Amino acid sequence: MTVSYTLKVADSRFGGFSKLLFRWKGSIYKLLYKEFIVFVVLYALLSVVYRRLLTEEQKRLYTKVAQYCNRSTDLIPMSFVLGFYVTLIVNRWWAQYTSIPLPDQLMCVISSNVHGKDERGRILRRTLIRYANLSAVLILRSVSTRVLKRFPTMDHVVEAGFMTQDERKKFESLHSDFNKYWVPCVWFTNLAAQARRDGRIRDDVALRLLMDELNAYRAKCSMLFHYDWISIPLVYTQVVTIAVYSFFAFCLIGRQFLEPLEPGQEGDLDMYVPLSTLLQFFFYAGWLKVAEQIINPFGEDDDDFETNKLIDRNLQVSLLSVDDMYQNLPPAAKDKYWNESTAQPPYTMATAAETLKPSFLGSTFDMRWRLVGGSLPALCALGLGVPRPSGGPWGRTPLLGRFLAAASPAISIKNFGRGGRATPHLRRPRGDGAFPSPHPGRPEDPEAVDRIEEEETEDESRGSEPPTPGGPLEGPRSPKATEMRRKELPLVLVKTPSSESIGAERPGGWEP
């Protein structure tokens with residue numbers, strides 16, 4: 001049975017993972033304790049032989065051999081070899097799980113497109129979904145030891161109700177040297193075509209949808225078969241296993257306590273229990289055992305897939321969907337939020353704090369901008385329509401900066417200064433007193449023209465008022481200062497756009 005601990009790690013807390021260290025089922029201790037005991041026993045035997053049975057000359061020779069073995073352990077790339085191998089195994093393990101065929105999508109299509117409340121309609125729907133479940137049982141018998149033990153022969157499959165006696169005879173009469181899990185899928189297609197001819201499936205679109213879902217279901221059965229057939233290359237598994245075993249064979253000899261070769265020479269600390277070596281064995285050998293357990297998840301290990309439970313669930317749910325739930329609907333009624341424009345489900349007291357959190361509107365929603373060498377009046381006079389964030393400086397985005405820096409047939413901007421709201425240097429009237437229109441062939445709106453003139457008069461009158469304390473102006477200016485100010489004003493050239501240049505700039509043309 002799969003070991004699930006998802007609820008235990010739902011929230012991050014102090015010592016959250018440490019509580020999982022005391023579990024036995026599915027743990028690394030259960031996988032590794034036999035190899036660990038063997039390693040400890042062999043290490044202890046060599047230690048006893050070195051300390052009690054060897055002569056001084058033999059100890060000198062053993063010391064040289066142990067030093068050589070200890071140096072040799074650095075030549076084996078354990079982390080690289082094991083890390084890449086286990087990553088490959090884990091990806092393959094999850095891909096095999098996602099390849100297990102589930103009838104959920106297929107049963108919904110059958111229930112909605114194979115019609116008829118009579119006995120014939122029920123038989124068609126139940127038989128179609130039973131064929132799909134039979135195909136899954138046949139492929140799982142081929143790859144899973146648990147399922148094979150449950151259905152060792154075809155008699156057990158017939159007795160379980162996945163196949164009738166007549167279907168078994170048809171199945172066994174088909175001679176093939178290969179796995180015949182695909183036979184029920186072919187029965188499915190023929191029965192669906194017959195239902196289309198009988199009018200149980202009302203159009204070809206529904207039949208096509210049914211066939212597409214069946215093909216996706218059959219493809220997963222095929223993937224399971226090929227995952228079982230094509231294993232990870234044996235040479236890679238052998239290389240990793242030899243690397244781990246040889247590494248710890250060197251550690252058995254090279255990590256022993258050694259007496260100094262020369263008298264008076266300071267030796268290493270005599271650790272009767274090599275803690276670091278044992279931890280290293282626990283990590284590396286445990287890594288290898290993890291790969292060994294999940295390389296074939298269709299066995300009977302603690303964390304292997306519960307294929308028998310999946311078979312039970314799939315058959316029960318699919319038959320319920322296509323039979324008892326066929327056109328068995330609750331009455332349609334107005335929902336609780338019928339008269340509300342914004343639906344807001346209630347919160348319990350345990351989750352009420354979540355209502356205080358603002359909704360996420362985008363990572364740049366709260367970004368504040370500052371114009372570098374520009375102001376909103378100048379941009380508004382050009383018709384750019386730049387919004388002003390509340391309580392903040394005038395904004396300028398990188399996109400707007402590129403727009404201002406680009407050449408345009410209508411305007412040419414060389415610089416932006418700090419001008420007042422009234423900016424007469426941006427307006428160049430025609431000879432008749434009117435402003436050039438971007439729509440030469442269209443009549444101008446008199447109301448819009450009056451509104452613009454009203455704003456200009458208002459701006460000019462506001463410019464002649466005395467400055468307020470704390471305002472943008474600090475006091476009356478002398479004629480010389482006014483002249484210098486005019487020299488500092490930005491140079492903005494406004495050209496009357498032609499219809500050709502406007503058409504080249506905007507392929508869609510101007511819109512009213």
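The values are calculated or read from the model by the stated rules, or taken from the named source; none is laboratory data. Computed from a predicted model, the values in this text were never measured in an experiment. Methodologically, a virtual Cβ is constructed for each residue, glycine included, from the backbone with ideal geometry; neighbour enumeration extends over all protein chains shown. Calculation scope for accessible area: heavy atoms of the full protein, side chains included, ligands and nucleic acids excluded. Shrake-Rupley method; radii C 1.70, N 1.55, O 1.52, S 1.80 Å.
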- Query: What number comes out for the charge environment of Ile294, summing +1 per Lys or Arg and -1 per Asp or Glu over other residues with Cβ under 12 Å away?
  - Reply: -3
- Task: Tell me the Kirkwood hydrodynamic radius of segment 183-308 in angstroms, computed as one over the mean inverse distance between distinct C-alpha pairs.
- Result: 20.8 Å
- segment 33-151 - charge dipole about Cα centre, Lys and Arg +1 at Cβ, Asp and Glu -1, debye rounded to 20: 460 debye
- Message: Exceeding 22 Å between C-alpha atoms, which entries from my cross-link table qualify? They are Lys180/Lys220; Lys25/Lys309; Lys8/Lys357; Lys34/Lys289.
- Response: Lys8/Lys357
- Accessible area (Å², 1.4 Å probe, nearest 10) - Cys185: 10 Å²
- Message: At 1.4 Å probe size, put Leu209, Leu61 in order of accessible surface, largest to smallest.
- Response: Leu61, Leu209
- Note on the structure: From highest to lowest solvent-accessible area (probe 1.4 Å; ligands, DNA and RNA excluded), Leu320, Leu214 read Leu320, Leu214
- Message: So if I take the alpha carbon set of segment 1-158, get Rg, then get Rh from the Kirkwood formula, what is the Rg over Rh ratio?
- Response: 1.23
- Task: Could you pull the Rg and Dmax for segment 290-346, using just the Cα atoms, both in Å?
- Result: 21.7, 60
- Determine the distance separating the Cα centre of segment 126-171 from the Cα centre of segment 62-108; give it in Å without decimals. 34 Å
- Task: Step through the residues of segment 137-146 one at a time and calculate ³J(HN,Hα) from phi using the Karplus curve (6.51 cos²θ - 1.76 cosθ + 1.60, θ = phi - 60°), rounding each to whole Hz and writing x for Gly and Pro.
- Result: 5, 5, 6, 6, 5, 7, 10, 10, 5, 5
- Message: Starting from the 7 Å offset along Cα-to-Cβ, what nm value, one decimal, do you get for the label separation of Phe178 and Ser359?
- Response: 5.4 nm
- Send over a whole-number figure in Å² for the accessible area per residue of segment 162-303, probe 1.4 Å. 60 Å²
- Task: With a 1.4 Å probe and all protein chains in place, put Leu224, Leu329 in order of accessible area, largest first.
- Result: Leu329, Leu224
- Message: Show me the ranking of peptides 50-57, 92-99, 129-136 by mean Cβ neighbours inside 10 Å, starting with the highest.
- Response: 129-136, 92-99, 50-57
- Task: Take the Cα of Leu54, step 7 Å along the line toward its Cβ, and report every residue of segment 266-286 whose backbone nitrogen sits under 18 Å from that point.
- Result: 266-274
- Item | Proximal charge balance of Lys149 [Cβ under 10 Å; K/R count +1, D/E count -1] | +2
- Gained length - Arg120 relative to Ala10, 0.36 nm times residue gap less alpha-carbon distance: 34.7 nm
